[in-house]
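Working notes, structure below.
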Number of protein chains: 6
Amino acid sequence: MERIAIFPGSFDPFTIGHESIVRRAFSLFDKIFIAIGYNTNKRGFFPLEKRVGWIKQVFENDPQVEVNYYEGLTVDFCRKVNAKYILRGLRTAADFEYERAIAQINKAMYPGLETVFLLTTPEYTPVTSTIIRDIIRQGGDATKFLPNSVDLKTFRIEDLENE
Amino acid sequence: MERIAIFPGSFDPFTIGHESIVRRAFSLFDKIFIAIGYNTNKRGFFPLEKRVGWIKQVFENDPQVEVNYYEGLTVDFCRKVNAKYILRGLRTAADFEYERAIAQINKAMYPGLETVFLLTTPEYTPVTSTIIRDIIRQGGDATKFLPNSVDLKTFRIEDLENE
Amino acid sequence: MERIAIFPGSFDPFTIGHESIVRRAFSLFDKIFIAIGYNTNKRGFFPLEKRVGWIKQVFENDPQVEVNYYEGLTVDFCRKVNAKYILRGLRTAADFEYERAIAQINKAMYPGLETVFLLTTPEYTPVTSTIIRDIIRQGGDATKFLPNSVDLKTFRIEDLENE
Amino acid sequence: MERIAIFPGSFDPFTIGHESIVRRAFSLFDKIFIAIGYNTNKRGFFPLEKRVGWIKQVFENDPQVEVNYYEGLTVDFCRKVNAKYILRGLRTAADFEYERAIAQINKAMYPGLETVFLLTTPEYTPVTSTIIRDIIRQGGDATKFLPNSVDLKTFRIEDLENE
Amino acid sequence: MERIAIFPGSFDPFTIGHESIVRRAFSLFDKIFIAIGYNTNKRGFFPLEKRVGWIKQVFENDPQVEVNYYEGLTVDFCRKVNAKYILRGLRTAADFEYERAIAQINKAMYPGLETVFLLTTPEYTPVTSTIIRDIIRQGGDATKFLPNSVDLKTFRIEDLENE
Amino acid sequence: MERIAIFPGSFDPFTIGHESIVRRAFSLFDKIFIAIGYNTNKRGFFPLEKRVGWIKQVFENDPQVEVNYYEGLTVDFCRKVNAKYILRGLRTAADFEYERAIAQINKAMYPGLETVFLLTTPEYTPVTSTIIRDIIRQGGDATKFLPNSVDLKTFRIEDLENE
């Protein structure tokens with residue numbers, strides 16, 4: 001039986017921390033869908049297409065990975081792509097409380113689903129999309145916290161969605 | 001002396017977790033005011049009247065419970081209904097930090113007041129109003145996390161307050 | 001119906017923090033049993049009789065309080081004295097995790113039992129029996145963390161149980 | 001490539017919480033070694049052979065599971081049985097901090113190793129081996145927290161290792 | 001070598017907790033810049049000039065303190081005023097996780113920088129700017145949580161920035 | 001005025017994490033006493049003289065550092081060497097709760113004292129003396145977690161104090 005996982009998030013933007021979790025899970029799953037949850041009423045910081053494009057570039061040589069986006073419940077997307085696992089990275093104790101609530105609600109709605117956690121590598125623990133957006137908003141250089149293939153020069157500030 | 005407590009919250013919506021805390025406190029207090037704090041400038045997800053109505057139905061056979069709403073400080077509402085206790089449910093360690101700050105500030109403003117905590121039943125720990133609103137927004141079915149008498153069919157999406 | 005609670009602990013020794021929790025619960029319960037759990041195989045730092053004696057002095061003018069000791073399960077002592085409530089103080093988020101586990105196990109063994117939590121007063125939050133024993137072991141003066149009636153001069157170091 | 005995991009612990013005793021984690025990981029791994037770490041200088045509460053025997057009974061119909069014991073570093077046992085994964089259950093935020101430290105040290109000593117976490121089912125969250133030992137020490141009945149096949153009647157109190 | 005620190009924040013408003021941290025750090029640093037980070041696109045609750053004015057009054061007799069505001073990255077402001085230290089108060093475990101992430105990101109962007117933490121005095125632990133703003137919004141009296149020189153009467157509700 | 005700090009601990013053994021905290025505090029204090037608290041009744045894992053010797057070697061070229069040991073209260077040692085600061089590293093949220101209690105008790109016993117915290121470097125966060133002792137007990141190689149000058153070959157297992 002194929003082991004299929006989704007790695008859901010808004011990835012606004014996708015960080016070196018996210019990349020690290022996915023690569024470390026390569027041997028655990030046969031296929032990993034990186035799935036951007038979005039909401040037509042609530043725009044992100046970076047445009048959805050940019051986010052999809054950047055992640056596709058990061059994994060362009062990894063046929064195990066597929067990049068998607070979805071609207072609606074995460075458990076419904078799992079059912080659609082036949083995923084029995086949700087992959088998540090854990091950074092801190094505060095993360096843990098939040099992730100536990102989400103995972104338990106998901107299991108209540110889709111009992112066959114398991115959420116599988118890997119720990120963030122210590123050096124990447126402080127790197128969150130929120131902090132990266134703050135750095136960019138304040139005119140700072142965030143490239144050291146992003147995968148090499150994410151080229152922030154490819155978007156213009158005036159493209160930003162929710163500023 | 002009558003022991004009077006208030007159980008304050010926005011209850012947007014009131015969940016099976018909230019119901020459980022109130023019922024478990026029945027033997028501890030002679031009267032429990034379920035009190036919806038609201039703010040005329042900040043609308044909720046569900047209309048205030050719906051929220052009040054749903055809670056009244058949940059406890060329609062429990063004369064010990066009274067359902068109210070208030071604007072302003074929680075301690076002022078306590079003084080008004082002569083409540084010496086605030087009842088709260090504790091779910092997680094993160095909850096705890098937040099609840100402690102609020103309880104200590106309330107005590108600083110009204111020294112005769114005690115905040116009394118019960119622990120959420122384990123199965124209800126992940127159920128929060130925030131998660132339920134997310135499920136509804138994404139078109140999911142949240143009825144299993146709500147008291148039986150809360151009939152989500154009785155409101156129409158176009159009635160929602162802050163979408 | 002009388003509201004009866006027990007306040008269990010090893011109270012080795014009983015601190016100003018313990019005293020504060022009990023006094024703040026006076027209006028909530030009709031009777032509070034302060035109950036020292038002990039184990040004949042595991043001696044404490046202070047002799048059991050000293051501990052009982054000190055607590056009795058603290059509450060000698062409070063007929064609402066009874067001081068006891070018990071061996072065996074806490075829930076069995078609750079059944080014996082007909083207590084439906086366990087009273088506990090919460091100091092920190094770390095406390096919370098531990099208290100939650102104990103409370104849930106107790107409820108699994110005695111479903112009619114509720115554990116009721118009050119928050120420790122901020123100034124008393126760092127005061128634990130463990131820290132007080134450390135101070136005494138290192139020759140320091142711990143009287144400011146103890147109720148007035150606890151007179152450390154009434155025992156001699158050579159009486160200590162587990163040194 | 002076969003996915004081999006170890007589920008290490010002292011399992012003193014093995015609980016319904018432990019059993020649940022292993023069963024939920026069945027679809028994730030091809031083989032799971034339940035591995036009791038022991039120390040010849042530090043005896044447990046239950047004899048090692050009892051613990052091994054009980055776990056074997058729990059999984060007697062599950063050829064995917066093998067029950068072992070080991071002395072020395074966990075990472076050395078992983079290398080010996082060719083396991084690339086350590087399976088662990090996460091119960092609380094306090095657990096998380098501890099598990100993270102251990103997992104990171106293990107990864108520093110064996111970089112090819114990943115620790116994979118599943119969340120404890122909410123109802124089993126308070127069940128720990130420590131609490132079960134306390135119940136037994138105090139003469140209580142802990143069978144509801146143990147897998148069906150663990151028959152506490154098969155040992156006599158006088159067999160206990162470290163009392 | 002002069003030891004220069006900045007104490008950054010939005011101070012919306014500056015509380016007795018903030019004042020206490022700064023005064024306790026007087027002997028540790030030769031100069032402390034209290035620096036209000038602001039964002040031209042995101043107005044605060046109190047006008048920036050009011051916030052600056054109130055803090056200047058609090059420390060009008062303390063030549064060691066200078067009050068500033070800055071836009072952009074905190075590390076850039078540190079470089080500008082030649083500060084090698086960021087001073088922060090720690091209130092709770094939840095605070096800690098957040099502060100750690102910010103401090104580590106700042107160090108990644110400016111390796112010569114150290115973030116130095118003092119613990120909030122227990123009585124001031126629940127006092128946060130967020131809670132104070134809530135009290136004021138609900139018509140309550142927050143003066144007991146503010147330094148003496150902060151005279152809330154000096155602003156009119158209609159001056160508030162983001163209501 | 002000279003800024004004098006003590007860095008207290010049992011340092012059993014002194015780790016790369018400890019070394020890192022002391023070096024990062026060099027610019028903050030004029031003198032740092034690394035002070036091993038010991039108890040004549042409670043032997044450590046490594047002999048006291050070994051521990052003192054190893055730390056002296058680590059800082060042999062740093063005249064700012066002095067290595068001492070003391071029995072009794074930490075605040076009494078501070079008074080003796082005229083230290084107004086206690087330096088501590090913070091690793092995790094769990095650490096934080098414990099450190100806060102100790103720091104507040106110390107301040108209650110010696111009001112002029114401040115405990116100053118630096119955050120552990122992310123890579124060193126999981127390194128604790130407890131984990132290192134476990135590795136050594138199980139026959140593992142812990143040298144990568146120790147300062148270069150700590151030569152574990154210089155002691156023989158039969159010298160260990162509390163095994």
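The values are calculated or read from the model by the stated rules, or taken from the named source; none is laboratory data. As the structure is a prediction and not an experimental result, all values here were calculated from the model. Please note: Cβ atoms are built from the backbone with ideal geometry, for glycine as well, and neighbour counts cover all protein chains shown. Just so you know, the surface numbers come from the protein's heavy atoms only, side chains and all, with ligands and any DNA or RNA stripped out. Shrake-Rupley method; radii C 1.70, N 1.55, O 1.52, S 1.80 Å.
Remarks
- For the range A:85-97, the criterion of being under 19 Å from residue D:92 (Cα atoms) and among the hydroxyl-bearing types (Ser, Thr, Tyr) is met by at least one residue.
- The range F:67-144 holds helices (runs of 4 or more DSSP H) entirely within its bounds, and those carrying 2 or more residues that are open to solvent by 30 Å² or more (accessible area, probe 1.4 Å), among the hydrophobic types (A, V, I, L, M, F, W, C) and within 14 Å of chain C (Cβ to nearest Cβ) map to F:93-109.
- Scanning the range E:83-98 finds one or more residues that are modelled with pLDDT of 95 or more, of a type in the set (Ser, Thr, Tyr) and touching a Phe, Trp or Tyr at 6+ places or on another chain (Cβ under 7 Å).
- Every residue from the range B:21-57 that is open to solvent by 20 Å² or more (accessible area, probe 1.4 Å) and in a helix (DSSP H, G or I): B:23, B:24, B:48, B:49, B:50, B:53, B:56, B:57
- Residue count, the range A:101-138 (criterion: of a type in the set (Phe, Trp, Tyr), under 24 Å from residue A:75 (Cβ atoms) and touching a residue at least 60 places away in the same chain (Cβ under 8 Å)): 0
- Candidate set from the range F:118-135 (those that are among the hydrophobic types (A, V, I, L, M, F, W, C) and farther than 17 Å from residue D:107 by Cα); member that is modelled with the lowest pLDDT: F:119
- Subset of the range D:21-44 [within 11 Å of chain A (Cβ to nearest Cβ) and in contact (Cβ under 8 Å) with a residue 40 or more places away in the chain]: D:21, D:24, D:25, D:28, D:29
- Scanning the range F:1-20 for residues that are over 16 Å from residue F:90 (Cβ atoms), open to solvent by less than 50 Å² (accessible area, probe 1.4 Å) and within 14 Å of chain E (Cβ to nearest Cβ) returns F:3, F:4.
- Scanning the range D:85-100 finds one or more residues that are out of contact with any helix residue (DSSP H, G or I) (no Cβ under 8 Å at 6 or more places or on another chain) and touching a residue at least 60 places away in the same chain (Cβ under 8 Å).
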